[in-house]
């Protein structure tokens, strides 16, 4: 604002030029306010559950997104990769499962999963998607240390596919003291840590 005051005090300046400058400044301020509103709306979309309109992530931030529709209101899978990664979608018709190949020196299969108790498929339906370098991660809705028969079935399938579980050292369920979000890996070194989105 100092430059506006100095400019006003200079006798050779016209009021119409000042008016144009102030309108341009007002337009710039409105653009910034609108950008902030769009950013706030984007954050709200991330915080909501249910169906997600994910195209704004790519359009706004340039991320590479892969989306798989789920069978219930909260079961979609969205995988997001930062720009610069070479990735390719692998066709998969299993609901709540998204399969992508990360094309690096060593191609890595990445499988994102949401497995609600109401899932209509069996673990062995994922077997054709497992490769020698593969990571499967997501919400399994099974605590492999506490859920008895369900965890035995999952772990037996994982053993048949040579998948090792990678489990964080803290509970991941918001409704109970269970760890239901974790990963399985074969041929890919992996560790797990949990950041808090809920604090």
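The numbers here are math on the coordinates, done by the rules we state, and not lab data. Predicted model only: the values in this text are computed from it and were never measured. For neighbour counting, all protein chains shown are included, and Cβ atoms are generated from backbone atoms with ideal geometry for every residue, glycine included.
With the Cα gyration tensor of segment 72-130 giving a ≥ b ≥ c as the square roots of its eigenvalues, does the rule (a/c under 1.5 for rounded; else a/b larger than b/c for prolate; else oblate) give rounded, prolate or oblate?
Oblate is the answer for segment 72-130, as a/c is 1.5 or above yet b/c matches or exceeds a/b.
Between residue 105 and residue 129, what length in nm is gained on full extension when 0.36 nm per residue of separation is reduced by their alpha carbon distance?
Fully extending the segment from residue 105 to residue 129 adds 6.7 nm.
Test of understanding: ordering 80, 135 by Cβ neighbours within 10 Å, fewest first, what list do you get?
In order of increasing Cβ crowding within 10 Å: 80, 135.
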